[in-house]
Every structure is written in C-alpha cells, then in structure tokens.
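The values are calculated or read from the model by the stated rules, or taken from the named source; none is laboratory data. Worth saying up front: this structure is predicted, and the values here are computed from it rather than measured. Here Cβ is always computed from backbone atoms with ideal geometry, including for glycine, and neighbour counts include all displayed protein chains.
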Amino acid sequence: MAKTNDAAESHYDASGIQVLKGLEAVRKRPGMYIGSTSARGLHHLVYEVVDNSIDEALAGYCDTVHVTIHADDSITVVDNGRGIPVDMHPTEGLPGVELALTVLHAGGKFDKNSYKVSGGLHGVGVSVVNALSESLKVWIKRDGKEHYMDFVRGDTTTKLTLLGKVKEKETGTKVYFKPDPEIFTDLHYDYATLESRLRELSFLNKGVSITLVDEREGVQKQETFHAKGGLKEFVQYLNASRKVLHSEILYADAERDGIGIEIAMQYNDGYNETVFSFVNNINTHEGGTHLTGFKSALTSVINKHLDKANIAKKDKELRLSGDDVREGLTAVLSVKVKEPQFEGQTKTKLGNSEVESAVKTYVNEWLAEYLEEHPRVGNIVIDKALQAARAREAARKARDLTRKKSALDVGNLPGKLADCSLSDPAMCELYLVEGDSAGGSAKQGRDRMFQAILPLRGKILNVERARIDKILSNEEIRTIITAIGSGIGEEDFSIDQARYHKIIIMTDADVDGAHIRTLLLTFFFRQMRQLIESGFVYIAQPPLYRVAKGKEEYYAFDEAQREEIATRLGGGPEGKANVNIQRYKGLGEMNPDQLWKTTMDPATRTILKVNVEDEGQTHRLFETLMGDEVEPRRAFIEANAKFVSNLDI
Ligand code: 0RA
C-alpha cells in the first residue's frame, strides 16, 4: 500500500490497519466463521455470496443469480441486483464495496434489508469469503458505470477502478473467488451439494431464477432452478415418488404482524411425516416457535373439523394426536422474521415467541377455511388421521402386550444378543451382523469387554412400507429395539437410554448385504433418527481380498490395493503368480481372528460414520429406494448404476 502525506489517505491507511486485523482473525480461526475448513466450509463460501444476492431478491431488486464452478474449482456468482454501493462511506473513508469486503460484519453498516440474519454461520458477510480466498475479484454495475476491485487473501490489491460506461438500467454484482489452499483441506466442489442448496433456495424464493454451471472437465453441465409456485413446487418435488391422496397442494403466502408466512402441504399414502421449516431461508433442523405454532394449529383445526364431520359416533370420540394428523404429511413452512433469535445446539431452532402466536393464529384461520371450502380434501385428511389413530391404538395394545412379556424391556435382553461386559454406553459398541455364521465368527473374534454382537437372520422388514403396528410386530426389529434400549418413534425415543454409542452395521459386500444395510438405515432414519444425528450409527468396512505369500498375509479393500500388495509380495509384476489371492464372498469366510484384525479391532479397522447431509434429499432417496412406486426407483437405479462398484453380483 503506497504511503502519502495526504490527510484523507492517512486516515485511509489507519482504517486499513484496523481492517487487516479484522480479517486476520478470520484467517486464524476460520472455523469460528464458516464452521469448518473441510468440504462443508468450502461450500459455505458459495452460500455466503449467494445469500447476498438472495437478499437483494428479497428486497425486490434481483431475480436472476448465476453460479459457475470453474475448471479449477474457483467460483463466480453473478446477480442482477442493485450492485454493491461504490461511493465513499462518509465516516469510514472507504468505498462501500471495499468496506463490505474488508470489514467484518460491515453488512450491518448499510442496514440494507430487514431480514438479515443475526448469529449462526449465516450472514457472516462476504468479507469472510474474501479473507479465506487466495484471490477475489468483484465487478459492479451501478448508475450507468462498471467498477472493478480485487484482493489477495483479504488484502486490497487493486483499488476501486472505473472500467467504463454501461446502460443505466444494467445493474448487478459479479464476485469471483478462489478458495485459499492454505486454509481449506478440501478444494473440490461437489455439484450435487451446490445443486441441492440452490434448488432449495429457488423453492424458498418464489420467482428467483438460479443457474448452476459446472465448467470442470468431464462433468460439464448446467441447470436452472426457478419455482414460480414457490413452496408448492417444493412439496411437489418431495412427494414425487409417493402416491398423493389429493392432487391440490394446500398453499398459503401471507404476512402477519410483520412476519412473512409461507406454507405448502399435501398428504401421501405413506406413514412418514416430512415437515421442513425455514427461517429467512435457513433450514431450522431443530424446529422452534414457528414450527410449534404450525403443528399446534394443524392438530387443533383437524380435531375441530372432525367434531363437525359427518362420521360414526365412535370415531368422533377418538382424539387425534399430533402424530396422527401428520401421518403421511409432506409440508414446508417458511417464515421471514426481522430479528430472529436462533437457539439450540446447532443454532437452528427459532426462539422468538411472537412468531409462535402469529403462525398459530394464521394457520388456524387459513386451514379451517380451506377445509370448509374443500370438503373432499377435508374428508381425506380426516380419514387418514383416523386410520393413523386406530393403528396407533393397536400398536399401543401390542406394545403393552409385549411389555408384559418384557420383550421390549432391557432387563430381558434378546437371547441372540452376545452383550459386552462394560456398561458405560460411551465405551460400548453393538455390531449388527448379517447371518448366523458371520455372527458366530464375530462373537469369537470380538473384544467382549466393549463389543456386543447381534446376529440378524435374513432381511429385516422394510419400514418404509409399513405402519408402526406392523413394524412392532416384526421379530427382527423388536430384537434390535430391545438391544439398543432407546425406544423408537418421536415420542417414545430417548437417546439417553441408548446402551451403545457405536452401532455398527456389518454386512457382506454383495447385493444382499447392500440391501440389508439399506433396510437397517431406513429403519434408523425413520424410527431412531436421533441415533444417526448423534453420530452413533456406523458401517463396517470388511476387506474384499486376502493377499498372501507363504506366511505373509495382507488384506485389500479394493482392486487397486490388491494389485499393489500382490506386486509388492511377488517382487514385481512377474512374480505375482506366486501370490495367493482370495476373494471374500461374505463375512462368514473369515475366521474369527481375521474378522477381528481386519474389521473389528479399533486400532486397525475403518468404520464409516453415517450422517444426514441434506434431510430433503435423504427423504426423497429413501422414498425412491424403499417406497411403493416402482417407476422412480427404476429411473434412479438406471441413472446411478454406473457409480456402483465393489458389488459382487
Ligand atoms: C450493500 C447495500 C446494498 C446492496 C448490497 C450491499 C449488495 C451486496 C451484494 C453482494 C452480492 N450481490 C450484492 N448485491 C447488493 C444496497 C445499495 C442500495 O441501496 O442501492
């Protein structure tokens, strides 16, 4: 930075120093600002810039956003908003754009729109993206002129420069950035991850057109997301693989007490509840006041509707619970709140109490009127909820019965379970093993101090196609529930009761094994989601090959590794003939010692932790793979078959 004696310039220098301090803090502790420096943080940079464009859209000045992944995994985001201000800030002595890009939380200084998010990872500002980029460039079209600036690791390298004239009505901002390899451990952008968030943003911001372009070699593609119907199209997307019970999607878009409320809902013939909630475009995974308001209004309106309905007296005496009225419901609730208070472990739970009453009052009016005016839909909803209530009643009876027999009582663990001797759940592992023979090897090979084994016989029930009473009558599932000890569902589940903090699925590396694993994951996702969310569910990685020469033996987990070991043991490519390669067809082919060494010994094994990256995608995936509709499943398998490897068919 050139030194001058000019008073204004030295003031600029002074603020420049302060600026550097601010962004240095971001580079020192990036995790504090973007959560992590792995893939998640990397993608967060894109969301941060796009959020600024979406803010312009919310303020009514922007309807098009273009995101490009360049060949070297750098990113450009272009919008047609008003453009970041370029005039001198009266007190800071820097152009607005430079402030926005070099001062932490400078966004607030403009106070440009009322739905800015406070706290959490969102809305940290584009200056954070700048600090964590090896290069950032910005082009602004505003007031008939185009301006340019660039930065290296947050430091201004080219001061604001006038590029030339443009048409007066041509406005917008273009931001290019290349994430800094000194900061990020992973520099690769995942198309599907960006696609999923951008699609979601288009659903949440009716009318905004968002295009994603991938320029990288071999993957070139481009998609535009644009939802004229807003959340209506979101629900349609989520229900795509389901049989819906009524064709019209219930939809509301209103403002009450300064709070924007948008809702879409539709019932399907399944038994799951798929309800998503958002505040200022942020997925409130932990729910909060807006969701509570919606749920309580839904339960109350449907119960009132039941009272008025023309149905048998004995049904009228049934009270519909929240779970009953949400069986088979797909709904999205999105609110826009001026000063959101985010709470909870991941800061994704809305705390503002005024939002609960606003949403509740509004949904009470809107839904009551809708059901009144659409009696056919009203009857369908009542029917569905009554069926759920009856099934729940039957399930309660079945559970009481099994309780009497103590089948679900931890005091009476299943006979098939070989439990471990420690009792602290944090130390204990439960292996769910496919088949009795592998189960036997695992029992002999394990460390019985902390490893418990539960052999599973054959296929477990597909819970995606079953209601709770049927799920509970399935022997294999009951055994799993009892062994884990935490109960199931939303109301009966308690993570504190889980008897193991690692539940490891161990199946063969073949089609049956993959199927059993999917069935187990479906069950955990639908009935014990918290187990996954707490990071308790894992997948074992047994080796595919044993490579041996004489007394020396090694295990390979894929073909490349097998070849590498064989070459090394044989003393070069020619000597491979003396090497014995054994392909494991199933876990049962390994003796207890081999199973321990390769798959169960914490010192040497690899286990994969199961997590839910994107709830919406996961719902759709399980519905596609495990639901009733055949056509979406066939299409999915066709589209993805080429990615499947290591399956022994
Ligand atoms: C501050 C104030 C104004 C707009 C913006 C920032 C803005 C920032 C970004 C980042 C990406 N795209 C953006 N578009 C706009 C409002 C200025 C005015 O009042 O005209």
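List, please: which pairs have Cβ atoms under 6 Å, are six or more places apart or on different chains, and start with a residue in the range 466-477 that is without any contact (Cβ under 8 Å) to a residue 40 or more places away in the chain and end with one that is assigned to a loop (DSSP other than H, G, I, E, B) and surrounded by 17 or more Cβ atoms within 10 Å (Cβ to Cβ)?
Within 6 Å, the pairs are Asn474/Leu461; Glu476/Ile460.
Report whether or not Lys295 is in a helix (DSSP H, G or I) and more than 30 Å from Leu58 (Cα to Cα).
no
Does Phe557 fit the bill of being modelled with pLDDT under 95, aromatic (Phe, Trp, Tyr) and over 21 Å from Ser441 (Cβ atoms)?
no
For the range 64-83, what are the residues that are more than 13 Å from the ligand (Cβ to nearest atom) and either among the polar types (S, T, N, Q) or buried (at least 20 other Cβ atoms within 10 Å of the Cβ) (or both)?
Once the filter is applied, which keeps residues that are more than 13 Å from the ligand (Cβ to nearest atom) and either among the polar types (S, T, N, Q) or buried (at least 20 other Cβ atoms within 10 Å of the Cβ) (or both), the range 64-83 yields Thr68, Ile69, Ser74.
Within the range 256-273, how many residues turn out to be in contact with a helix residue (DSSP H, G or I) (Cβ under 8 Å, 6 or more places away or on another chain), outside any strand (DSSP E or B) and more than 26 Å from Lys384 (Cα to Cα)?
1
Considering each of Asp447, Asp469, Asp508, Asp492 in turn, give the residue that is of a type in the set (D, E, K, R) and in a helix (DSSP H, G or I).
Asp469
If you check Val128 against the conditions, is it within 18 Å of Val103 (Cβ to Cβ), touching a residue at least 12 places away in the same chain (Cβ under 8 Å) and in a helix (DSSP H, G or I)?
Considered against the rule, which asks whether it is within 18 Å of Val103 (Cβ to Cβ), touching a residue at least 12 places away in the same chain (Cβ under 8 Å) and in a helix (DSSP H, G or I), Val128 comes out as yes.
Looking at the range 84-99 only, could you name the residues that are assigned to a helix (DSSP H, G or I), near the ligand (Cβ under 10 Å from one of its atoms) and touching a strand residue (DSSP E or B) at 6+ places or on another chain (Cβ under 7 Å)?
Passing the criteria: only Val97.
Given the residues Lys459, Lys470, which is the only one that is under 24 Å from Asn272 (Cβ atoms), touching a His at 6+ places or on another chain (Cβ under 9 Å) and at pLDDT below 90?
From the options Lys459, Lys470, the qualifying one is Lys459.
Take residues that are under 30 Å from Glu491 (Cα atoms) and of a type outside the set (Asp, Glu) and tell me which of the helices (runs of 4 or more DSSP H) falling wholly in the range 528-621 contain 3 or more.
529-533
Quick check, is Glu273 modelled with pLDDT under 95 and within 24 Å of Val377 (Cβ to Cβ)?
Answer is yes for this residue.
Out of Ala483, Ala514, I need the residue that is within 14 Å of Ile453 (Cα to Cα), assigned to a helix (DSSP H, G or I) and not hydroxyl-bearing (Ser, Thr, Tyr). Which one?
Ala483
Residues are listed down the side, and each one gets a yes or a no for (1) of a type in the set (Val, Ile, Thr); (2) part of a strand (DSSP E or B); (3) closer than 28 Å to Val335 by Cα:
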{"site": "Lys347", "(1), (2), (3)": "no, no, yes"}
{"site": "Glu356", "(1), (2), (3)": "no, no, yes"}
{"site": "Glu365", "(1), (2), (3)": "no, no, yes"}
{"site": "Ala368", "(1), (2), (3)": "no, no, yes"}
{"site": "Asn379", "(1), (2), (3)": "no, no, no"}
{"site": "Ile382", "(1), (2), (3)": "yes, no, yes"}
{"site": "Ala385", "(1), (2), (3)": "no, no, yes"}
{"site": "Ala388", "(1), (2), (3)": "no, no, no"}
{"site": "Glu393", "(1), (2), (3)": "no, no, no"}
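Give me the pairs: first residue in the range 50-61 and more than 21 Å from Glu195 (Cβ to Cβ), second residue among the aromatic types (Phe, Trp, Tyr) and more than 9 Å from the ligand (Cβ to nearest atom), beta-carbon distance under 6 Å, and six or more apart or on different chains, which are they?
What qualifies is Leu58/Tyr115.
If you take the residues in the range 423-444 that are assigned to a loop (DSSP other than H, G, I, E, B) and modelled with pLDDT of 95 or more, which one is surrounded by the most Cβ atoms within 10 Å (Cβ to Cβ)?
If we take residues in the range 423-444 being assigned to a loop (DSSP other than H, G, I, E, B) and modelled with pLDDT of 95 or more, then Cys428 is surrounded by the most Cβ atoms within 10 Å (Cβ to Cβ).
Checking the condition under 22 Å from the mean Cα position of the chain (by Cα) and within 28 Å of Ala466 (Cβ to Cβ), which residue from Leu329, Leu320 passes?
Leu329
Just checking, how many residues over the range 456-480 are buried (at least 22 other Cβ atoms within 10 Å of the Cβ) and within 17 Å of Asp419 (Cβ to Cβ)?
3
Could you list all residues from the range 512-554 that are under 26 Å from Asp469 (Cβ atoms) and not hydrophobic (A, V, I, L, M, F, W, C)?
His515, Arg517, Thr518, Thr522, Arg526, Gln527, Arg529, Gln530, Glu533
Taking into account only those residues within the range 40-63 that are under 20 Å from Ala131 (Cα atoms) and charged (D, E, K, R), which is surrounded by the fewest Cβ atoms within 10 Å (Cβ to Cβ)?
Only one residue fits best here, namely Arg40.
Any idea how many residues of the range 1-32 are at pLDDT below 90 and not in a loop (DSSP other than H, G, I, E, B)?
17
Would you tally the residues in the range 38-55 being β-branched (Val, Ile, Thr) and over 22 Å from the mean Cα position of the chain (by Cα)?
So the count comes out to 0.
For His290, are the conditions met, namely being under 21 Å from the mean Cα position of the chain (by Cα) and within 29 Å of Leu472 (Cα to Cα)?
no
Does any residue of the range 56-63 turn out to be modelled with pLDDT of 95 or more, within 26 Å of the chain's Cα centre (by Cα), within 12 Å of the ligand (Cβ to nearest atom) and over 13 Å from Leu201 (Cβ atoms)?
For the range 56-63, residues modelled with pLDDT of 95 or more, within 26 Å of the chain's Cα centre (by Cα), within 12 Å of the ligand (Cβ to nearest atom) and over 13 Å from Leu201 (Cβ atoms): absent.
Consider Asn52 carefully, then state whether it is polar (S, T, N, Q), at pLDDT 90 or above, within 13 Å of the ligand (Cβ to nearest atom) and out of contact with any Leu (no Cβ under 9 Å at 6 or more places or on another chain).
yes
So Thr91 ticks every box in (1) within 13 Å of Tyr176 (Cβ to Cβ); (2) without any contact (Cβ under 8 Å) to a residue 24 or more places away in the chain but one. Which box is left unticked?
Only one criterion is unmet by Thr91, namely (1).
Picking from Arg562, Arg620, Arg605, Arg634, which residue would you name as being surrounded by 15 or more Cβ atoms within 10 Å (Cβ to Cβ) and at pLDDT below 90?
Exactly one residue qualifies, and that residue is Arg620.
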